[in-house]
Amino acid sequence: MEMAEVLAAAQRIRGRADATPLLKSEALGARLGRELWLKMELMQPIGAFKLRGALNAIAGLPEGTAGVICCSTGNHGRAVAWAAREAGLRAVVCMSRLVPEAKVAAIRALGAEVQIHGASQDEAGVEAQRLEEAEGLVQIPPFDHPAVIAGQGTIGLEILTALPHLEALLVPLSGGGLAAGVALAAKTLNPGIKVWGVSMDRGAAMHESLAAGHPVPVTEVASLADSLGGGLGAQNRYSFALCRDLLDGTILVTEAQIYRAMQALYVEERLVTEGAAAVGIAALQSGQVPGTGPVATILTGRNTDMDLFSRVVSGQDIALEDYTVKGARYEP
Ligand SMILES: *Cc1c(COP(=O)(O)O)cnc(C)c1O
């Protein structure tokens, strides 16, 4: 992949999903003893950065495309639905019957068709494959696609254009589309910058795969950072190799550290974040980020369940499927 693809993506998404604020966090920065910047991707129209990649991928489709299809019930599904609506294209989102009604409704509200199939995301994926062929739809992958990676990379372009002196960048990491694009742009503009991928310590697909030297399957478990769950796909073509070549390393954070980071962002900055967005702050608070110079992290999204969020910020226990995060009130 080339920086030129990121620059082209920046042109394509201009005025729709770009130029989110870059906030200097006085309060948290002072607590952490480090100049700290927050890239506010949670202010995107769908509440998460994935709109950049989806808009760029859809903008690159040939004239006469019948429509788009994807399997994600989370931020990627919302992004594809929003971008397709804007382009006047049909959008189909496949999901299993286990997906909660609220998520189905949110995707439908963006004008996408919802196809409910099977009892797992894998079974829904098989149906997506069938519809892709039968109805001539184009699949928009959540991370392993050059146009998606280039779209997410525009975040790195915006951060480094505003802050060329940054010492380090902390990027929430799942399938690695975001980290790959951001690292490509950031290191093109400042080759000396350190770019760290940050994941939860349970089911960290990219971390495990980088350690193994190739994509490996992981067991998916419930996490406060639910947007960071899932594997890289056995047929991974782009995001694994880019993360291997461009990231300076990965940092893992515990559920308790994510919990405390969500509290810190709320109490110190009055920001509502989903767990996945708070992992960069969790890495800093747990003392895992080398260096003392200016650092930025990407607040990737705010699409948290509000009941869960209010339990976190009021210090209550959180029962995940197989694990309880012990409640504690925020102490700076
Ligand atoms: C998708 C997502 C990520 C991770 O992006 P990848 O490209 O899969 O690594 C991080 N945070 C949020 C909120 C997301 O929706």
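Please verify whether the range 130-143 includes one or more residues that are at pLDDT 95 or above, closer than 27 Å to Gly291 by Cβ and within 16 Å of the ligand (Cβ to nearest atom).
Taking every residue of the range 130-143 in turn, none turns out to be at pLDDT 95 or above, closer than 27 Å to Gly291 by Cβ and within 16 Å of the ligand (Cβ to nearest atom).
When you look at Val198, is it within 11 Å of the ligand (Cβ to nearest atom), under 29 Å from Pro294 (Cβ atoms) and either free of Cβ contacts under 8 Å to residues at least 24 places away in the same chain or not in a helix (DSSP H, G or I) (or both), yes or no?
It is true that Val198 is within 11 Å of the ligand (Cβ to nearest atom), under 29 Å from Pro294 (Cβ atoms) and either free of Cβ contacts under 8 Å to residues at least 24 places away in the same chain or not in a helix (DSSP H, G or I) (or both).
Table: residues versus (1) surrounded by fewer than 21 Cβ atoms within 10 Å (Cβ to Cβ); (2) within 15 Å of the chain's Cα centre (by Cα).
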| residue | (1), (2) |
| --- | --- |
| Ala124 | no, no |
| Glu132 | yes, no |
| Glu135 | yes, no |
| Phe143 | no, yes |
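Hey, can you tell me all the residues within the range 161-183 that are crowded, with 24+ Cβ neighbours inside 10 Å and more than 6 Å from the ligand (Cβ to nearest atom)?
Selection gives Leu169, Leu170, Val171, Ala180, Gly181, Val182, Ala183.
Which ones in the range 8-32 are in contact with a strand residue (DSSP E or B) (Cβ under 6 Å, 6 or more places away or on another chain) and either in a helix (DSSP H, G or I) or of a type in the set (A, V, I, L, M, F, W, C) (or both)?
If the condition is that a residue be in contact with a strand residue (DSSP E or B) (Cβ under 6 Å, 6 or more places away or on another chain) and either in a helix (DSSP H, G or I) or of a type in the set (A, V, I, L, M, F, W, C) (or both), then Leu22, Leu23, Leu28, Gly29 are the ones that fit.
From (1) assigned to a loop (DSSP other than H, G, I, E, B); (2) within 15 Å of Ser223 (Cα to Cα), pick out the condition that doesn't hold for Phe309.
(1)
Of the conditions (1) modelled with pLDDT of 95 or more; (2) in a loop (DSSP other than H, G, I, E, B); (3) not aliphatic (A, V, I, L, M), Gly230 clears all except one; give me its number.
(1)
Among the residues of the range 213-225, are any in contact with a Pro (Cβ under 9 Å, 6 or more places away or on another chain), in contact (Cβ under 8 Å) with a residue 60 or more places away in the chain and either crowded, with 23+ Cβ neighbours inside 10 Å or over 21 Å from Ala150 (Cβ atoms) (or both)?
Looking for residues that are in contact with a Pro (Cβ under 9 Å, 6 or more places away or on another chain), in contact (Cβ under 8 Å) with a residue 60 or more places away in the chain and either crowded, with 23+ Cβ neighbours inside 10 Å or over 21 Å from Ala150 (Cβ atoms) (or both), one finds none in the range 213-225, hence no.
Could you pull out the residue among Ala264, Ala277, Ala256 that is surrounded by 18 or more Cβ atoms within 10 Å (Cβ to Cβ), more than 16 Å from the ligand (Cβ to nearest atom) and touching a residue at least 12 places away in the same chain (Cβ under 8 Å)? Give the steps one after another, and end with the answer.
Details: Ala277 fails: more than 16 Å from the ligand (Cβ to nearest atom); Ala256 fails: surrounded by 18 or more Cβ atoms within 10 Å (Cβ to Cβ).
Result: Ala264 is the single residue among Ala264, Ala277, Ala256 that is surrounded by 18 or more Cβ atoms within 10 Å (Cβ to Cβ), more than 16 Å from the ligand (Cβ to nearest atom) and touching a residue at least 12 places away in the same chain (Cβ under 8 Å).
Quick one: which helices (runs of 4 or more DSSP H) sit completely within the range 33-126 and have at least 2 residues that are within 16 Å of the ligand (Cβ to nearest atom) and at pLDDT 95 or above?
51-59, 75-87
Just wondering, is there one or more residues in the range 14-31 that are surrounded by fewer than 21 Cβ atoms within 10 Å (Cβ to Cβ), under 30 Å from Gln285 (Cβ atoms) and acidic (Asp, Glu)?
Looking through the range 14-31, at least one residue is surrounded by fewer than 21 Cβ atoms within 10 Å (Cβ to Cβ), under 30 Å from Gln285 (Cβ atoms) and acidic (Asp, Glu).
Criterion first (free of Cβ contacts under 8 Å to residues at least 40 places away in the same chain and more than 23 Å from Gly67 (Cβ to Cβ)) does Leu160 satisfy it?
yes
The values are calculated or read from the model by the stated rules, or taken from the named source; none is laboratory data. Being a predicted model, the structure only gives us computed values, none of them experimental. Glycine gets a Cβ as well: all are built from the backbone with ideal geometry, and neighbour counts include every protein chain shown.
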